[in-house]
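A quick write-up on the structure given underneath.
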Amino acid sequence: MKTTFYLVRHGQPDWDWAEAMRFYGPCSAYMPLTPLGVEQIEHTACDSQLRGASFILASPYTRTMQSAQILSRRLDLPVTVEWELHEWLYDRDMRGDLPNPDERFGREDMTRCFFHYMEHDDNCETYAVIAERVLGCLRRYDGQAEKIIVVCHEGVIRSVTGMKAVNLGQVVPITLE
């Protein structure tokens, strides 16, 4: 049996909350969804492509876990958390460093880092590295079900599909070669 993985980007994260909590760097993984983000995923749950899925895989970040739980409730599916589905690491040693020590990793830094450091800094995960870890994870599930939902991040989806942009709540089907 060939598995189709339905990659779902999480809903809108609450950067204002993260900034207010002073959750910079790796701590930004804890930011929840905004009310609009919840609404986006409630809408995604109605996508007919997701009907008939057997279970949900989710990144361990709060925004993806919250998105997965909404889908789980709406589609009556179990959720399995997989570390390898996390967003790109701008800092592979997980110390929270940026190339410039004076920077903090907040909302403005995320966009700049995501599109620059990912391709131009030796300490960051590259698209190829992300794709390797994510595809390794998905291969473990390939053939276990016809449809599997994978709640993850834009960097993850871009790395395995080559897409240039992924909307919040967007569903992107893929099969493995």
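The values are calculated or read from the model by the stated rules, or taken from the named source; none is laboratory data. The structure displayed is predicted, hence computed values, not measured ones. Note that each Cβ is placed from the backbone with ideal geometry, even for glycine, and that neighbours are counted across all protein chains shown. Note: accessible area is taken over every heavy atom of the protein model, side chains too, but ligands, DNA and RNA are not part of it. Shrake-Rupley method; radii C 1.70, N 1.55, O 1.52, S 1.80 Å.
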Convex hull of segment 41-83 built on C-alpha atoms - directionally averaged projected area, nm²: 2.7 nm²
Sequence of Tyr127, Tyr30 from largest to smallest accessible area, 1.4 Å probe: Tyr30, Tyr127
Surrounding net charge for Thr64, when Lys and Arg each add one and Asp and Glu each subtract one, Cβ distance under 14 Å: -3
With all protein chains modelled, accessible area of Trp88 [1.4 Å, Å²]: 10 Å²
